[in-house]
Amino acid sequence: MAGLSGVPVIILKEGSKRETGKDAQRRNIAAAKAISDSVRTTLGPKGMDKMLIDGMGDATVTNDGATILREIDVDNPVAKMIVEVAKAQDDEIGDGTTTAVIVAGELLKNAEALIDQNVHPTVIVSGYKQASAKAQQILLDMAVDVKGDREMLQKIAQTAMTGKGIELFMKKLSQIAVDAASAVANSPIVDLEESVKIVKITGGSIEDSEINYGLVVEKERLNPMMPKKVEDARIMLLEGTLEIKKLSTDTKITITEAQELVSFKQGEEKVLEDQVEAISRAGANVVFCQKGIGQVASHFLAKKGIMAARRVKDEDLKMLALATGAKIVGDVMAATAKDLGVAKIVEERKVGTDKQMIFVEGCTNAKAVSIILHGASEVFLDEMERALEDALYVALDVIRSGKIVPGGGAPEIKVAEKIREFASTLSGREQLAVVAFADAMEVVPVALAENAGFDPVNVLMALRSKHQEGSNYGLNMNTGQPSDMLALGVVEPLKVKTQAVKSATEAATMILRVDDVIAAKQEELKPKPGQSPHDYTRPPY
Ligand SMILES: Nc1ncnc2c1ncn2[C@@H]1O[C@H](COP(=O)(O)OP(=O)(O)O)[C@@H](O)[C@H]1O
Ligand SMILES: [Mg+2]
């Protein structure tokens, strides 16, 4: 071993880049801050929108933090970690993404100041973790129980939609969101995407938007001879096909006489006729089929007065099952009345100028529903859909958990105050880290004030002092003064706040623990021999 002394040991591939210690931390923090700054101006009801233009030149105009971060193409790995925070928040509760990201940014900014004062990142990480755990309890303590309070649910839905450019229609949309969330709240399905289908229709006014206790299927009926409208529908959901199996190319059937060919074809037709007979015997008057329905079966179905649609998406079949109570049938010959679902009406209707869709509606115990959104343009409809999704998630959470907190920065002020009290029980550098955490929480009311054009320092001071009187004081967006947010109806699910603090702390501490960045040499994009320089594609990464 002695022979090695003095000889440099190279363990990295040539061309790799390496940064260590404070340099690495500083660069990582800068990247995270850049991302968080990019969404900071969108926070709150007075937040600005961003216009995102994709590679094809299509524009999205949005105020939704999660959408902005999803659409922008970040290359920096640390920035990507922050984007992940937004994603985690969005998956968990569907709202509070901007909050989570800007709190993460602020935690890192404050950490940087401590690192400059030679506080070791491990100490900061430990302080942040303790403070974050405390914050969970503080938030829980200030939460209010509102189980079964429909008016409150609507306010929660409205707070989630505020600032998304749809204020005029908020009442209508929040009603729809609460109705839809209430319908599916007892569904065994946890994921809203699998139980609420949002159908966007260009044309008409937002006021025409409505909830449909059933499902809208973007399909036409198979055959004009089938009924266009079926009342008291008994619906069969069929897996597989209703058509003559295509013979594979190497199958040989030797038919020697003309009569045999006829009877072979008749045999196949007979199978289909029997299958349609089985559908009818079970009592179905509407069939949604997962795969193809051939001409022969279509003819028999029409003859029996059964309405049918084919190649219905799997998601739609599952939602139809939840909405109508039908079971998905595998073997049509074994189907019985018990497998059928019910709906008051199934009807094909013209939607917009040229499309036809099948509306299944009036399902009495629908565990899946559709929301039909009308709007003037696609860009507007998309933003409306995002706002509605936020509202759906928060309403569903509060129906299930019953717990809310006031909004407008109130919980952040309270958490900051209590965490500062907690810090005073600690000693040394850890105390500094815990105070830095408390300060970071206040970025929420500060950003809300900035975005509304109020003086952030004044707002912060006013809120802090008002909190001596009560925990519900947040920023009144009209006056710039503290107001009781519960009285104003600015309320949010407890989970939006607890999750935001959790995700932000996790991301910040993860980034702080890194003190060594080793980047492999980037592959150069060179055409292969024999390839024109325009032919190569980027390597996947
Ligand atoms: N009418 C209102 N008055 C004061 N604050 C509000 C109001 N509506 C929403 N907020 C606050 O705005 C913040 C949420 O802003 P938003 O842009 O939806 O970001 P996020 O992606 O974090 O949900 C929350 O702190 C919420 O309490
Ligand atoms: Mg929101």
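Quick notes on this structure:
- Crossing angle, helix 77-92 versus the chain [Cα axis fit, 0-90 degrees, rounded to tens]: 60
- Mean separation of Cα contacts under 8 Å (6+ apart) over length of segment 313-379, as relative contact order %: 31
- Hypothetical label at GLU71: residues of segment 355-391 whose amide nitrogen lies under 19 Å (7 Å Cα-Cβ projection): 375-391
- For segment 58-76 versus segment 206-235, the inter-centroid distance based on Cα atoms is 35 Å.
- The value of relative contact order for the chain, using C-alpha pairs under 8 Å at least six residues apart, is 26 percent.
- Violating pairs (Cα-Cα greater than 31 angstrom) within the set LYS50/LYS497; LYS344/LYS497; LYS46/LYS367; LYS46/LYS403; LYS155/LYS313; LYS270/LYS355: LYS344/LYS497; LYS46/LYS367; LYS155/LYS313; LYS270/LYS355
- 1.4 Å probe accessible area per residue over the chain, in Å²: 50
- Estimated FRET transfer efficiency (HIS120, LEU426; beta-carbon r; R0 22 Å; 0.05): 0.90
- Excluding same-chain neighbours fewer than eight residues apart, the lysines reachable from LYS466 by a Cα-Cα span under 20 Å are LYS414, LYS418.
- Integer Hz, Karplus 6.51/-1.76/1.60 couplings in order for segment 143-153, x for Gly and Pro: 5, 10, 8, 10, 3, x, 8, 5, 4, 5, 4
- Here is the P(r) of segment 414-480: all C-alpha pair distances, binned every 10 Å from 0, give 21, 46, 26, 7, 0 in whole percents.
- Between ALA376 and LYS228, the modelled label-to-label distance comes to 3.1 nm, taking each label 7 Å out from Cα in the direction of the beta carbon.
- Electrostatic tally near PRO45: other residues with Cβ closer than 14 Å to its Cβ, Lys and Arg +1, Asp and Glu -1, net -4.
- Exposed trypsin sites (Lys or Arg not before Pro) absent: longest stretch of the chain, with sites in DSSP loops and at most 10 other Cβ within 10 Å deemed exposed: 253-541
- Accessible surface comparison of THR364, THR479, THR42, probe 1.4 Å, protein chains only, largest first: the order is THR364, THR479, THR42.
- Checked against a 25 Å cut-off, the cross-linked pairs LYS171/LYS327; LYS80/LYS171; LYS229/LYS303; LYS129/LYS495; LYS197/LYS303 give Cα-Cα distances beyond that limit for LYS171/LYS327; LYS80/LYS171; LYS197/LYS303.
- Whole-percent carbon and sulfur share, accessible surface of segment 1-122, 1.4 Å: 54
- Cross-link partners of LYS13 among lysines (Cα-Cα below 19 Å; sequence separation of 8 or more within a chain): LYS521
- Backbone HN-Hα couplings from phi across segment 93-108 [Karplus 6.51/-1.76/1.60, Hz, Gly and Pro as x]: 9, x, 9, x, 5, 5, 4, 4, 5, 6, 5, 4, x, 6, 4, 6
- Whole-Hz Karplus values for segment 116-132 come out as 4, 8, 6, 7, 6, x, 4, 5, 4, 4, 5, x, 4, 5, 4, 5, 5 Hz, taken residue by residue from phi with 6.51 cos²θ - 1.76 cosθ + 1.60 and θ = phi - 60°; glycine and proline positions read x.
The values are calculated or read from the model by the stated rules, or taken from the named source; none is laboratory data. As the structure is a computational prediction, the values presented were derived from the model and not from experiment. Every residue, glycine among them, receives a Cβ derived from its backbone with ideal geometry; neighbour counts consider all protein chains shown. With ligands, DNA and RNA removed, areas are computed over all heavy atoms of the protein, side chains included. Shrake-Rupley method; radii C 1.70, N 1.55, O 1.52, S 1.80 Å.
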